[in-house]
Each structure stands twice: as C-alpha cells, then as structure tokens.
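One structure is given here, and the rest of the page talks about it.
The values are calculated or read from the model by the stated rules, or taken from the named source; none is laboratory data. Quick caveat, the model's predicted, so the values are computed rather than measured. Cβ atoms come from the backbone with ideal geometry, glycine included; neighbour counts cover every protein chain shown. Heavy atoms of the whole protein, side chains included, go into the accessibility calculation; ligands, DNA and RNA do not. Shrake-Rupley method; radii C 1.70, N 1.55, O 1.52, S 1.80 Å.
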Amino acid sequence: MMMSTRPVILATTLGAIWLMVVFFFPAGLWVPDETVIFAAVEGLRRNGSLVIDNGYSEFGNHALLFNDLLKLGPHGPVSQYPTGYPALLVPFYAAGGLHGMMTVNAVSAALSVWLTYQISLTLFADRRGAFHAAILWGLCTYLVIYAKALWPHALAATIVLSASLFTLRAVRGIADERRNAAMAGLCLGLGLSVRVDVVLIAPTLLATALLFAARPGMLIAMATLGVLPGALVASWFNLTKFGIFFPIYYGSPSGGTALASYSILGAITLAFLMICIAFRRFPMSDKIGKYLLVLLCLGAVAFALLDLQYLEDRFTRLLRGVYTLWVDMRLLDDQSHQVTRAADGTVTVFGLHKKAVAQSMPWIGIIFLFLLFPRRHSQKSGQVFCLLAIVLWTLPFARSSWHGGFATNMRYFLPILPFVCILSSLALSRLPPVSRAASIGIWLLALALIAVAITAGLNIYQGSPQVLVQHALPLVFFAALIFFVGLARFGGVWPGVVRLFFSACICLGLVNTYAYDLAVDIKRRSYNARAESVMSALPPNSFIYALIYEPLTFQLSRDAPIAARNRFTKKIDPNLIDAARANGYTVYIQSNLLRDQVLAERPNFRAERVFEEAEWMMPVYRLKAREDSIDLQ
C-alpha cells in the first residue's frame, strides 16, 4: 500500500512546487508563440471570436500579423495554432490572469508524473522501477521549464501519456477494453485542438494493437470512433478560421502540417504497419510468413533502386538529424536567421545555447545497458512500445533537423521523454542492487566528480563556461557512461562504476536544467513582466512598432495595434507609421535599432524617449514630427 501511494505523493508534491513557482515569480511571456496564444484567449474572452484583428482591418499591413504567426482567414487574422487550447484557457484567464493560465500546465505536468508511473507499471509490473521512472521524468528532465509556461507542451505530453495508458490497458485486456480503446481515441482527437503533434503517437498505438492485442480490429474501430468527436471539433475550428474542414492545418504549409511533405515518411509508416500485420497474421515459424517478409524486403529494394541517390541523401540526412537532435546539437545544419554558430561549432538560437537531448540529460546513456543485456520475454511488448514511441516520434523532426526554435532544449521531444525514463529505469534495474550506504556514497562521489570536472574544465577550457557545461561536458559523461555500460555487460568493470557515472550524469543534467534553463526562463519572463507593467502606462491610442512583443500584451487587451519588424528583411514599414499617425494614433518605437531605422526613412520625425527612469528596459521612443510640441504624453 505504501508503494502505491508514493507516486500520488510524488506527483502532488511536484505539482504543488510548480504551482508555487508559477505564482511566486512574475508571470511574463517567453516567446512570440505565447503572445499569439494570449491574443487568441483575449479574442475569445472579450469578443467570443477567433479573429485576432490587431489593427489589420484598419491598415491591412503584413507587419500586424506577428511575422506570420497570424494567418489571414475568411473573417480576418487568426492564430495559426489550434484553438481548443485557448478556449480551455479562457476561464483560467478570467480567474487568475496569466498566472491562472499557467496553472493548466503545472497541473498537467503533475498528472503526467502519475501517468508515467502507471504506464511503466502496466508495461513491466515493477512498482519500484515505475516509481524510479516517475522520479526521472518529474525531476531529472526539463519538464519543469514547461510546467510553468503558457505554451502547451506539458498538456500535450499528458494527452500523449493518457492515450498511451488507455491503449495499453485495452491491449492487455485490463477492465473494459472497448472503453479504454475509445478513451485513447478521444484523448488523441481532443489533443488535436491543443497541439497537432500529438498525432505522432498514433502509429505507435496502432502498431501496438496490431502486434499484441487479442482483438486488434475491434480496438482500432473503437479508437477510431473515439477520435471522431475531437477531430470534428478541430476541423470545425479550422473551417471557421481558414475555410478548410480538416483537423490538422496551420493556415499554410508552415508548422510542418503540409501532408505532401510527409509522403515518404507516410509510405514508410504504412509499410511498417503492414509488416506488423504480417507478423501478427503469419508467425515467423510459419513458412508463408517468411516468404511474405522476403517479398516485402525485395519490394523495398526495388523501390530504393528507383532513385538510389535520392533515397541515400534522404537517409543520410535522417541519420544526421537523429544524431543532432538526440546527441550533439553542434552538428545542426540550419542556415536561418535564428541560428548563430561560433568558431568552436557551438550553436545558439536567438542567443540561447541550444542543447540536444543527451546534452540536457546525459544520463540517457544508461539505455544502452538495456540494449546490451539479454531481454526478458515477459518485457518484450513493453520494450517494443517504448522504442516505437521514441523512434516514430523522432523521424518527422529528424528529417529536417528541426530543433524547435527559441528554446534551450528539445521541446518537441517532451511527450516522449517519459518513455525514455521508463526504459532508463528498466535498464538500471538490470544492475545488481547496492546497499543504502553504498548508494549514498555513490551519489556523494558523483557530486564530487561533477564538481571536479566543472572546476578543472573551466581552468583548462579557454572558451565560454556555458559552452563547456552546456555542450562539451555532457557529451564526455554521456560517452563515459556508455563505455562503462559496455564494460559492465562483459564483466570488465564493477557495476557500481556504472551507477557512479549514471549518478554523475544526473547531477550534470540537473545543473543544466535548473541552474541554466530554468534560470534563463525565469529571468526572461520576469523581465517581460516588469517591462509590461511599465509600458502599460502608455495612452490607449498607442501604436507600438516592436522588436519583441512579449511585454506588450496590454495592447491586445485594449485592441490597440502591435506592429512587428519583418524577421527576414529586418526592416520596418514607414508607410504603416504614416498611416497610424494619420488615423490619430500616437506611435511608439521599441529599441534603438528600430528608432534608427525609422529616422533614416523619415528624417522629418524625431524620437523622444519615454520611461527614462527604467534604464534596465529596452528603450521606448515616442515618434513626433519636428514641428510638434515637446511634451511626452
């Protein structure tokens, strides 16, 4: 009984901590995506509308579309992101503002910890291992960053885990399998209105049913029925916004929702599901099954011969993408404006040190222990499920090495990290147990090892300390952990050494997540919250031309326009400024950079700084014609 209550206590404790973080620190926005989510919530709350006008009906200028995060629909500009999530947030916003909206993700993150325990327990029937998986997920990943955020990654992870748990319960015949299958489909369908990438778990759920369910046809039929209500709601939202009745759409090919771009991956997934059916229909001991698999392999070879060079390039790019996103972000091949590459190969995205999964969580190297040791037959289906979830989710992102933009970590992989934690916990259970005293000693040695490594590294390495701690050291310890795992498999090292390096990797991962990622997140959100509290004193008829618009949500709350500099040309539109002044707006310019651009285009204007007392804040200027009076209000 004590063990069964521990995951509830863990999830509740972490949820309470995350809620305290949400309410204790200033609630500012992190990224433009969150600004658009906020704007969508405001439109629904104030007007009951999906349209986010932002002055577009008045000026018809592209600068008012938040650099294409708003799309033009039949009724005006709308958010490119799914609408179900903003609709869910409306009552929380009315009750607690931005803090209230963030509680949705804090509670979702806490629920995901409990779900991780339940999935691991369902797969492997090991309460201790399941509890360790829940600890890894709740404390040793970068979940905390998204437990106190507005964008819905934590909620999406909870949806994926819920659909997975219902599917596994249905496949294993736990309780009412029909109801579990329908609930799995319902979770996925409703999830399409939160984040469209939740659909990436669907192939894994289908394959699991085809391979392991007693009655896969019935489960798939019930899951399909479950998906329909949510898919219809998402389609209706998209019909209202974009004029297209389809559940997965961003208003344009952006956002990775263009189905044509996934034709090859779709064909591979379909072939994979056919192979699952073949394995189910014809066991490997059956000659017909062997012949069928040979024919499938010959067909794959024939397909490859159609354009071998093309497929080779795609396959090479895919492998590079997998390695880049999971192991070393320094291999990122992204020439866009958001990525800067230092002389040592270190990658920053809009100034943030971007990390692959192993650079955030070097302890995932323990999974190689699970791969090297003989697998127990009773655990085969669970291992297959977790590996399929990780691999099939990764492929769409790996094909273009898409890293997720403005974030310090791989945010798009958050929903599958619980499966990584489950496999890591399973791998750790393969090691011989140690006494409590030995365990404490190992953790103390691990802390000392990391402290010595960081101190020595900082003395030796001549570059940025962040580069050392964020990129180089994690890979050193990741490689060392894999090395000692290999030695332990073949009896060449005491298993306690593996535990030591696993613990050291945990410590280093905690440093990267809590001392860097979380600190950067809190600092930026606090700055934006403070800046907004200052700038909200601007008059109601303000028109703001902004370099960053996260601190400007007060404009959205009063239907005042925010214009954004073009992110590709890095230019402003002086004609829009002329039109705004002609319509009676007082124009404000954010940053010295935009001020200089405006004055270069319109030398008959002058810019007077406002809020000079807020020296810590990005400068804001009131734009005035030279013959105007000098007052600031």
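Given (1) in contact with a Cys (Cβ under 7 Å, 6 or more places away or on another chain); (2) surrounded by fewer than 23 Cβ atoms within 10 Å (Cβ to Cβ), where does ILE577 come up short, assuming only one miss?
(1)
Quick check on region 156-177. Is at least one of its residues surrounded by fewer than 24 Cβ atoms within 10 Å (Cβ to Cβ) and aromatic (Phe, Trp, Tyr)?
Checked against the condition, which is being surrounded by fewer than 24 Cβ atoms within 10 Å (Cβ to Cβ) and aromatic (Phe, Trp, Tyr), region 156-177 yields no hits at all.
Name the residue that is most open to solvent (accessible area, probe 1.4 Å), counting only residues in region 544-574 that are touching a strand residue (DSSP E or B) at 6+ places or on another chain (Cβ under 7 Å) and under 20 Å from ALA614 (Cα atoms).
The initial filter retains those residues of region 544-574 that are touching a strand residue (DSSP E or B) at 6+ places or on another chain (Cβ under 7 Å), namely 544-547, 549, 552, 555, 560-564, 572.
Narrowing the set further to residues that are under 20 Å from ALA614 (Cα atoms) leaves 544-547, 549, 552, 555.
Numbers: ILE544: 4, TYR545: 3, ALA546: 1, LEU547: 55, TYR549: 13, LEU552: 0, GLN555: 0 Å².
Among residues in region 544-574 that are touching a strand residue (DSSP E or B) at 6+ places or on another chain (Cβ under 7 Å) and under 20 Å from ALA614 (Cα atoms), the one most open to solvent (accessible area, probe 1.4 Å) is LEU547.
With respect to LYS523, is the statement that it is basic (Lys, Arg), open to solvent by 10 Å² or more (accessible area, probe 1.4 Å) and without any contact (Cβ under 8 Å) to a residue 12 or more places away in the chain true?
Judged against the criteria, LYS523 is a match.
Just to be sure I understand the filter: pairs with C-beta atoms under 6 Å, separated by 6 or more residues or on different chains, first member in region 556-567 and in the same structural domain as ARG595 (by the TED database) and more than 14 Å from PHE543 (Cβ to Cβ), second member assigned to a loop (DSSP other than H, G, I, E, B) and polar (S, T, N, Q). Which pairs pass?
The qualifying pairs are ARG567/ASN67.
Got a number for residues in region 585-616 being farther than 15 Å from LEU538 by Cα and either aliphatic (A, V, I, L, M) or assigned to a loop (DSSP other than H, G, I, E, B) (or both)?
So the count comes out to 12.
So, of the residues in region 431-465 that are among the small types (Gly, Ala, Ser) and within 14 Å of PHE502 (Cα to Cα), which turns out to be least open to solvent (accessible area, probe 1.4 Å)?
As a first pass, look at region 431-465 and keep what is among the small types (Gly, Ala, Ser): 435, 437-439, 441, 446, 448, 451, 453, 456-457, 463-464.
Next, from what is left, pick out any that are within 14 Å of PHE502 (Cα to Cα): 439, 441, 446, 448.
Numbers: SER439: 41, GLY441: 29, ALA446: 0, ALA448: 50 Å².
Of everything passing the filter in region 431-465, ALA446 is least open to solvent (accessible area, probe 1.4 Å).
Of the conditions (1) touching a Leu at 6+ places or on another chain (Cβ under 8 Å); (2) in a helix (DSSP H, G or I); (3) open to solvent by 10 Å² or more (accessible area, probe 1.4 Å), GLY96 satisfies every one except a single condition; which number is it?
Among (1) touching a Leu at 6+ places or on another chain (Cβ under 8 Å); (2) in a helix (DSSP H, G or I); (3) open to solvent by 10 Å² or more (accessible area, probe 1.4 Å), the lone unmet condition for GLY96 is (1).
Looking only at region 131-186, count how many residues are assigned to a helix (DSSP H, G or I) and not hydrophobic (A, V, I, L, M, F, W, C).
Qualifying residue count, region 131-186: 14.
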